[in-house]
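Inspection log for the structure reproduced underneath, given as C-alpha cells.
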Amino acid sequence: MSYEWFVAKRYLTARRKQAFISVITSISILGITIGVMALIIAIALITGFQNDVQDKILGSTSHIMISDMSGEGISDFSELISSIKNVEGVIGATPVVYDTVLLQGPYKSAGGILRGVDFELERETSPWLQDLEFGRIPEPEAKRGEILLGKDMAFNIGASVGDVITVLSLSSRLTPLGISPKIKRLKVSGIFTTGLYEFDYSTAMIPLKKAQEIFNLGENVNLVQVRIEDIFLASELKEKIKEVLPAETYATTWMEMNKPLFSALKLEKKLMFLTITLIVLVAALNIIATLILMVMEKTRDIGILKAMGATSRGIRKIFFFQGAMIGIFGTGIGTGLGLTWCWLANTFELIKVPADIYQIAFVPFRIGILDLFIIITVTLLISFLSTLFPAHRASRIDPVKALKYE
C-alpha cells in the first residue's frame, strides 16, 4: 500500500478535531448517492416505458408495411410475398385486408377496424395469437362466419365468446331499394389482448377470404406486413424491398409511423439525464468544499510530509484519493439503491397508470447496461475532476510557512 493511499484513508476515516468537515463529507456522499439513484430510476423509467410501448406497438403491427396507392388493392400478393421473403433479413410477410366497420353487439354498437388476415401465417409472427385471452382463432371454413375481437372492443360492445354480432361495412352494395351497406352476422370465436389499448379497443379480425368478400376486393389485399430480424435495420431493408415492389405500391417502416412518439421519448430521456446530473454537480461542489477545508485543517500535516520528503505529486495524490473515495462510495451506494428500487417496482408493480392513456398497466423500470455504464462513468468523472483544485492547492503549500510556528 502506498503512503498516499494510507494517509488518504486515515484522513477520511479517522476522527477529526473539526466534526464539521465530517458532516460535509457525509453530505457529499449522500448527495452523490441521491444523484446516482435518481439518475438510474429516471433513465430506467423512460427506457422501460419506451421499450414496453415499442414491444406492444410492434406486437400488433409490423416492421415494414407495403401499401397500395391506387386504392384497388395489391394484386398477385402471393408472388410479391415470395419475392419479399427472399430479401436477406426478412423473417416473414403476411397479407392483410382492412377497413372501417360498425360492430353491433348485445350491449351496444361501436366503430372499429375489421382486419382480414391469414391466421396460420399471422400466428407465426404474433405471439398474442398463440395465447388468446378466451376462445380460439376463427376457422376459415366454419358454416357461420367467425370473428376474433380485441379484449377492450369485446367489453365495449358487451360481447363474449359464443355471441353473435352484426358487422356493417361501409363497402356498400346496390339493391332494388338503392345503395345499402353490407351486413354480416358473425359468431365471436375468441378474444385477444396485445396489451396495446388502442389496438385492443378498436380491432376485430376475421379470415382473409371473408374480409375480401365483405370489402369487395376480389383476390386483392390492402397491404402486406413484413417482419424483419433486426427492427432497427428497417430503413435499410425498406430500400432493398423497394427493388422488388410494383410501381403502384410504397413501403413504410414502423419508425416512420411512430416517429413523433419515439423522438419525444428520446428527447425526454436526454433532458432528464442532464437535469438530474445537476444533483451530482451540487454534490461535487460539496466534495470541493470538504477537501478545501481539510487542506486548511491539515496544513501542518502537509508541511511535515513535505519536510520528510513527500513530493507535490504525492500530496496531490492524497487529496485526489480522498475525493475519489467519496465519489466511489456515493456512486456504489446510489447504484445499489437505484437498482433495488427498479427491481421492487417491477416485481410488485408499485406504480400503476391508466392503461387507456399510457397503453400499459404499470410503469416498468428497465436500465440498459450502456445507460448504467454512462451514469457511473459520468458521476465518477465529475467526482474525480472536483478533486483537482483542492489537491493542487494542497500541493503548493510551503513547508517552511506551514511549520513556522511549530
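A short reminder: the numbers here are calculations on the coordinates, not readings from a lab. Quantities reported herein were computed from a predicted structural model and do not represent experimental measurements. Cβ placement follows ideal geometry from the backbone for every residue including glycine, while neighbour counts extend to all protein chains displayed.
When the Cα positions of 284, 258, 295 are compared along the charge dipole of the stretch 213-300, 295 comes out farthest toward the positive end, with charges on each C-beta of Lys, Arg, Asp and Glu.
Charge dipole (Cα centre; +1 on Lys/Arg Cβ, -1 on Asp/Glu Cβ; no other charges) of the stretch 70-247 amounts to roughly 900 debye.
Separation of the stretch 239-281 from the stretch 105-134 is 27 Å, based on Cα centroids.
Considering every alpha-carbon pair of the stretch 249-380, the percent of pairs per 5 Å bin, from zero through the bin containing the longest distance, is 2, 7, 11, 14, 14, 12, 10, 8, 6, 5, 4, 3, 2, 1, 0, 0, 0. Compared with the dominant principal axis of the Cα atoms in the chain, helix 3-13 is inclined by about 80°.
Give the cross-link partners of residue 184 among the lysines, using a straight C-alpha distance below 16 Å as the criterion and excluding same-chain residues fewer than 8 apart. Reachable lysines: 143, 209, 210. Ordering 102-112, 388-398, 134-144, 328-338 by mean Cβ neighbour count within 10 Å, with the highest value first, yields 328-338, 388-398, 102-112, 134-144.
Which percent, to the nearest 5, of DSSP beta bridges fully inside the stretch 70-247 are antiparallel? Roughly 75 percent of the beta bridges in the stretch 70-247 run antiparallel, per DSSP.
The dipole here belongs to the chain: it is taken about the Cα centre, uses +1 on the Cβ of Lys and Arg and -1 on the Cβ of Asp and Glu, and is about 2880 debye.
Each Cα pair under 8 Å and six or more residues apart adds its separation to the average, and for the stretch 70-247 the resulting relative contact order is 34 percent. Each listed q (0.19 Å⁻¹) maps to a log10 I(q)/I(0) for the stretch 295-350, found by the Debye formula over equal Cα scatterers with no solvent: -0.73. Based on the Cβ-Cβ distance from residue 136 to residue 88, what FRET efficiency comes out when R0 is 35 Å, to the nearest 0.05? Between residue 136 and residue 88 the formula returns 0.50.
Sorted on the mean count of surrounding Cβ atoms within 10 Å across their residues, most packed first, peptides 86-94, 343-351 read 86-94, 343-351. In the chain, a dipole from Cβ-located charges (positive for Lys and Arg, negative for Asp and Glu) runs towards its positive end, and of 274, 224, 33 it is 33 whose Cα lies farthest in that direction. Between residue 2 and residue 370, the FRET efficiency estimated from the beta carbon spacing at R0 = 30 angstrom works out to 0.35. Averaging the sequence gap over all C-alpha pairs within less than 8 Å and six or more residues apart, then dividing by the number of residues, gives the chain a relative contact order of 29 percent. Applying a threshold of 28 Å to the alpha-carbon distances of 85/259; 9/270; 56/269; 151/242; 317/401 flags 9/270; 151/242 as lying beyond it.
For the chain, what D do you get in µm² per second when you plug the Kirkwood radius from alpha-carbon pairs into Stokes-Einstein at 10 °C and 1.306 mPa s? Result for D is 61 µm²/s. Structural size metrics of the stretch 70-247, computed from C-alpha coordinates, are Rg and Dmax of 17.1, 54 Å.
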